[in-house]
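Report on the following structure.
The values are calculated or read from the model by the stated rules, or taken from the named source; none is laboratory data. All of these numbers come straight from a predicted model, not from anything done at the bench. Cβ placement follows ideal geometry from the backbone for every residue including glycine, while neighbour counts extend to all protein chains displayed.
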Amino acid sequence: MPFHVARPAVAALAAAVAMTFSALVAAQQPIVLQWQTANLTESQYEPIWKQTIAEFEAANPGIKVEPVLVARKDHWTKFVAASQARKAPCIVSVDLTTAAYNGYLMPLDKYWNAEPAEFRKAWSDAMLSSAKWKGQLYGLPIWGGTYAEIYNRDLVVKAGLDPAKPPKTFDEYLAWGRKLTGSDQWATAVLGGKTDTTTRVLLMWIWANGGEAFNADMSEATFAKNPKSLEAIKFYLGFAGKGGIAAPAPTTTNYLEQTNLYAQGKIATMRNAYWAVAKVVGDNPAMAGKSFVAAPPANVPNAPTLATVTASSISSSCANPDAAWKFIKFDAGRKWAVARAKVANWMPLRNDLADDPEIKADPMLLQYVQIGQNARSYPLPHPVWAEIAANDIVDAVQKALLAPDKTDEIFRDLDARLTKKLRDI
Amino acid sequence: MTPRRRRRAGLAFVAPAAAFLAAVIVFPLGHAFWTSLHRVRGLNATFVGLGNYVRIFGDDAFWHSLGVSFAFTASAVVLHLAIGLALALVVNELRVGRTALRILFLTPWMVAPAVGATIWLWLLEPQFGVVNYLLRVAGIIPSPVAWLGEPATAFASVVAVDVWRGVPFVMLLMLAGLQTIPVEQYEAAAIDGARAWTRFRYVTWPNLRYLVVVATTLDLINTIRHYDIIGVMTGGGPAGATEVLPVLIYNTAFRGNRLGEAAAIGVALLAIVLVLAIVYVRAARLDDDKAAR
Amino acid sequence: MTRTSPARTALLWTVTIVVAVVMIFPFYWMLNTSLKPSAEVFASPPTFVSSQWSLDAYRSLFATRSIGRYFVNSLIVALGATALSVVLAALAAYGLTRFFPRGATTFVMFLLFTKMLPETLLIIPYFQLMSDVGLLNTHLALILAYSSFALPFSVWMLIGFFRSIPREIDEAARMDGASVLQAFVRVILPLARPGLVAVALFTFLIAWNSYVWALVLTTDASMFVLSVGIANMVGEYRVQWNELMAAAVIAALPVMVLYSLLERHLVSAITAGAVKG
């Protein structure tokens, strides 16, 4: 064959062989999904997620799930750095609204709508709407944390109070608080540290008084504008200070300090989620079985409590969204929801678990489920929520704790500042 | 060697480091400048020229943070120097155990800043912390002090922890310098009947001056960009009392997700320090001229 | 040296001991906590010495976490950064001192200036850079990062050191027939050894303790360094503080050992390198 014909022909043939070969190889190479959530570094969750991954991989040969372990406080930072380079892990659990607004997440409607009704009915509309942004679904709610009031039975009884009749209104709570405060011991702790837990608790008190922190479409802040909100704020922050019922140093009290105080018996009650009970027992085994739970005190009927919602999402950098959805579906299954509830004390968000024997076997969990029937989801759905919850609102709380007589002014300033930020997107 | 060959030889030596730094420092630096000129919302970046700078200069938070940064850096660096020098003088006079002491005093520098800060966080904890416990047992304070809970004490606490972290390096530098001062100079001073302060002023200090400049410059740079201690201990609180610029930058970038503004704050910080450095160098040169006369 | 009275010596020793206690107290507390059982960590009043001290936290630490692997990764990265930094800084400092004496200070000032941006602003572009060249999840990315941080100070210090070595020595070596590079490696470098040791220690410390860069640039657990491994132990819902502190103690030990062994080089290097300017 003439050389000038042979060479291109051979080249073409070689190219065809190479392409076929690499396609074969690629078909055999497993898809690797990276999974990043702040909870993978929670020690009690570790055996569960390892099992989840093992069983998923066994059922789906050709897909591998690679967990990305990050310290909780740096989880978002790492996610943003990777997203900016379009190399974020496929499956993530992050602040949904902020991430969706910034283009870091992929809408999931096409996957959701393709699922059978059988699967979809486990999530109520209200639950789903907590994972929506501008009408599109960006995550599947997997687990959450409902907040309630946890009491130390021994301290309550010691103060001459009846554990079967926890306080229902603000005034009753204050009366209890006075009795539970003694020398070197306080009724509760006011959360004023520089994390968004401070904001969570503040919101609950506001809602419990029938107040609102924002208007309906979150374009305006009403911490001071709404008189019931301001009243609740003053009441709650008034626990702190000399002669109050709250432990000292509220501006440095976060979840860690609060649970420490409770575990060591320095405070008799705390506003917290179910996982806090496990933490307390872990810190101080003598506290096992000593706590009881009640709905947070409220001045209006049907006041909602707060429930954090953690959803699994697919990042916009994901190269294999189909496989990612498979894993998310798998992880959202009943088995894992129950395991998480039992072992890590994380509330399931499916509505079809009320009859599960394992769930029913834990009375405190049942109580939490019940209290959680009337809860508002958190974080609030606004792209700047992450910032205002951890910075601006906390700053205002800290200022008010340091200068209580300026509370009105401080929260009016907060309203103005927040309203500006809320509108600036 | 011809001048040309000298230059080529010199370039050959300097080139590896320069190329390395160009790739690894200049690109991220340039990127930071570039980002500061854009309004960044996630994956969307729109060019806004100096818009970010206008915004941050118009924001109280920036000026407040700048003030806190200056106060923090100035206090920390001055204390590093004063205490480091004092310690070096003390250790220098001791005849025994100097090496062991040097190693002992270096300990804070060897612990990772975040870990050290966490431990100090515990030590200063009002209810369970060791500091309050010891102070109460010694009868110095009647009830627990919320060290990190009040603005003034929080500021003092983070400065104190930064002093703990930073003194070892300065002390080591000063100690080394002290040990190279020729004994003859001290003997001459003694013959002239000089007292301790005079000895320090006319023998010790002149010999240490360059070292002090080196130590201070490095210290300033490290302290003004330092994030870990304040980030771990107070997060910038309470009520912004310890919110230095690195904390503001971090919060703006990763809580506020406003990467363009955060970059602008960083660049503004650089510019301000540059101006101060130029002023300082000018002043130092004038001083030298005066001293020379 | 002037004579010191006994009273003065006593005073000096008191001050020294008080300061030493304050300096070392956090490390002692780290050790103390790592030896206590969990329940005692936040007991009130705090215990300074405990009858319940044990190595359980260390045992469970090694059993539940790949501390050995993190340690090795840290070592590889720190040693790699140290080697790179020493080589680049020595070459650059020598080149500047001998061939561009007037440009030396400006160059160093520029380097120091670039160091002033807080890390926060650099991690995103750095991640992008490493991602583009395919170096994510590698030791090399961290080695490059840490060397770049250590370089300015290293070059500055070595410049001072090389300046104190008289040019006659270079010239003598050249006259014996050595090339510039050979003179540098065989004659000058050995004389500068204390300076090189100082640079090595300084870089090692930076690389060993750094966290943010390893956080952002590694996702594979088998690539984690100690600082990342330690940070990952801080869960929100439960923290084993004694294990965490045990890990921190383990992380602090190599640095301390290294410094104890090489500390005298550090002192003489700083002396020669900096005092003479």
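Quick check on the stretch A:262-298: of everything there that is of a type in the set (Lys, Arg) and more than 9 Å from chain C (Cβ to nearest Cβ), which residue is surrounded by the most Cβ atoms within 10 Å (Cβ to Cβ)? Filtering first and then ranking leaves A:Arg271. Identification of helices (runs of 4 or more DSSP H) wholly contained in the stretch C:93-186 with 3 or more residues that are surrounded by fewer than 23 Cβ atoms within 10 Å (Cβ to Cβ), more than 8 Å from chain B (Cβ to nearest Cβ) and at pLDDT 85 or above yields C:139-163, C:167-175. The residue that is nearest to the other protein chains (Cβ to nearest Cβ), among those in the stretch C:219-249 that are more than 27 Å from A:Pro285 (Cα to Cα) and within 20 Å of the chain's Cα centre (by Cα), is C:Ser227. Only residues that are small (Gly, Ala, Ser) and without any contact (Cβ under 8 Å) to a residue 12 or more places away in the chain were counted across the stretch C:84-123, and they come to 2.
May I ask you to list the residues in the stretch B:116-141 that are facing chain C (nearest Cβ under 7 Å) and outside any helix (DSSP H, G or I)? Scanning the stretch B:116-141 gives B:Gln127, B:Phe128. With respect to the stated conditions, A:Val277 is outside the structural domain of A:Asp95 (by TED's automatic domain parsing), closer than 26 Å to C:Glu40 by Cα, modelled with pLDDT under 95 and in contact with a Ser or Thr (Cβ under 7 Å, 6 or more places away or on another chain).
Residue count for the stretch B:136-192 satisfying the condition of being closer than 21 Å to C:Pro26 by Cα and either in contact with an Asp or Glu (Cβ under 8 Å, 6 or more places away or on another chain) or of a type in the set (Gly, Ala, Ser) (or both): 10.
Let's see how each residue does on (1) at pLDDT 95 or above; (2) out of contact with any His (no Cβ under 9 Å at 6 or more places or on another chain); (3) among the hydroxyl-bearing types (Ser, Thr, Tyr):
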position	(1), (2), (3)
A:Gly135	no, yes, no
A:Gly139	yes, yes, no
A:Ala159	no, yes, no
A:Thr169	yes, yes, yes
A:Tyr173	yes, yes, yes
A:Asp184	no, yes, no
A:Thr188	yes, yes, yes
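Candidates in the stretch A:98-119 are the residues that are of a type outside the set (Gly, Ala, Ser) and buried (at least 24 other Cβ atoms within 10 Å of the Cβ); of these, the one that is farthest from the other protein chains (Cβ to nearest Cβ) is A:Leu105. Taking the listed residues A:Arg417, A:Arg412, the one that is under 25 Å from B:Val40 (Cα atoms), part of a helix (DSSP H, G or I) and either at pLDDT 90 or above or of a type outside the set (Gly, Ala, Ser) (or both) is A:Arg417, with no other qualifying.
Residues in the stretch A:220-237 that are assigned to a loop (DSSP other than H, G, I, E, B) and either in contact with a His (Cβ under 9 Å, 6 or more places away or on another chain) or under 19 Å from A:Ala400 (Cα atoms) (or both): A:Thr222, A:Phe223, A:Ala224, A:Lys225, A:Asn226.
So that you can scan it fast, the table gives a plain yes or no per residue for (1) at the interface with chain A (Cβ under 8 Å from one of its Cβ atoms); (2) of a type in the set (Ser, Thr, Tyr); (3) not in a helix (DSSP H, G or I):
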{"site": "B:Gly236", "(1), (2), (3)": "yes, no, yes"}
{"site": "B:Gly240", "(1), (2), (3)": "yes, no, yes"}
{"site": "B:Glu243", "(1), (2), (3)": "no, no, yes"}
{"site": "B:Val247", "(1), (2), (3)": "no, no, no"}
{"site": "B:Phe254", "(1), (2), (3)": "yes, no, no"}
{"site": "B:Gly260", "(1), (2), (3)": "no, no, no"}
{"site": "B:Ala263", "(1), (2), (3)": "no, no, no"}
{"site": "B:Leu269", "(1), (2), (3)": "no, no, no"}
{"site": "B:Ile272", "(1), (2), (3)": "no, no, no"}
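Looking at the stretch A:197-210, can you tell me whether even one residue there is within 30 Å of A:Arg120 (Cβ to Cβ), within 14 Å of another protein chain (Cβ to nearest Cβ) and among the charged types (D, E, K, R)? Among the residues of the stretch A:197-210, at least one is within 30 Å of A:Arg120 (Cβ to Cβ), within 14 Å of another protein chain (Cβ to nearest Cβ) and among the charged types (D, E, K, R), which makes the answer yes.
The single condition among (1) closer than 30 Å to C:Asn137 by Cα; (2) surrounded by 14 or more Cβ atoms within 10 Å (Cβ to Cβ) that C:Thr64 does not satisfy is (2).
Residues are listed down the side, and each one gets a yes or a no for (1) among the small types (Gly, Ala, Ser); (2) under 24 Å from A:Met204 (Cβ atoms); (3) more than 12 Å from every other protein chain (Cβ to nearest Cβ); (4) surrounded by 22 or more Cβ atoms within 10 Å (Cβ to Cβ):
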residue	(1), (2), (3), (4)
A:Ala319	yes, no, yes, no
A:Ala337	yes, no, yes, yes
A:Arg340	no, yes, no, yes
A:Pro357	no, no, yes, no
A:Pro363	no, yes, yes, no
A:Leu366	no, yes, yes, no
A:Val369	no, yes, yes, no
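Residue check: A:Ala54 meets all listed conditions (1) at pLDDT 95 or above; (2) surrounded by 13 or more Cβ atoms within 10 Å (Cβ to Cβ) but one, namely (2).
Only one of the numbered conditions (1) out of contact with any Leu (no Cβ under 7 Å at 6 or more places or on another chain); (2) within 14 Å of chain A (Cβ to nearest Cβ) is violated by B:Leu220, and that is (2). For A:Ser129, the criteria (1) among the polar types (S, T, N, Q); (2) surrounded by fewer than 22 Cβ atoms within 10 Å (Cβ to Cβ); (3) more than 23 Å from A:Val94 (Cβ to Cβ) hold in every case but one, which is (3).
Filtered by the rule that a residue be more than 9 Å from every other protein chain (Cβ to nearest Cβ) and either touching a residue at least 60 places away in the same chain (Cβ under 8 Å) or more than 26 Å from B:Leu106 (Cβ to Cβ) (or both), the stretch C:20-52 gives C:Leu31, C:Ser34, C:Leu35, C:Lys36, C:Pro37, C:Glu40, C:Thr47, C:Ser50, C:Ser51, C:Gln52. Residues of the stretch C:258-272 include none that is within 12 Å of chain B (Cβ to nearest Cβ), modelled with pLDDT of 85 or more, in a helix (DSSP H, G or I) and crowded, with 21+ Cβ neighbours inside 10 Å. Set side by side, the residues C:Ala198, C:Ala252, C:Ala214 differ, and just one is under 28 Å from A:Gly282 (Cα atoms) and assigned to a helix (DSSP H, G or I), which is C:Ala252. Output yes when any residue across the stretch B:153-160 is away from chain A (no Cβ under 13 Å) and among the hydroxyl-bearing types (Ser, Thr, Tyr), and no when none is. Among the residues of the stretch B:153-160, not one is away from chain A (no Cβ under 13 Å) and among the hydroxyl-bearing types (Ser, Thr, Tyr), which makes the answer no.
All conditions but one from (1) buried (at least 23 other Cβ atoms within 10 Å of the Cβ); (2) touching a strand residue (DSSP E or B) at 6+ places or on another chain (Cβ under 8 Å); (3) in the same structural domain as A:Gly244 (by TED's automatic domain parsing); (4) not basic (Lys, Arg) apply to A:Tyr138; the one that does not is (3).
For the stretch C:45-68, the condition of being under 30 Å from B:Leu85 (Cβ atoms) and in the same structural domain as C:Leu226 (by TED's automatic domain parsing) holds for none of the residues. The residues on offer are B:Ala32, B:Ala45, and the sole one that is facing another protein chain (nearest Cβ under 7 Å), touching a residue at least 24 places away in the same chain (Cβ under 8 Å), of a type outside the set (Phe, Trp, Tyr) and closer than 24 Å to C:Pro118 by Cβ is B:Ala32.
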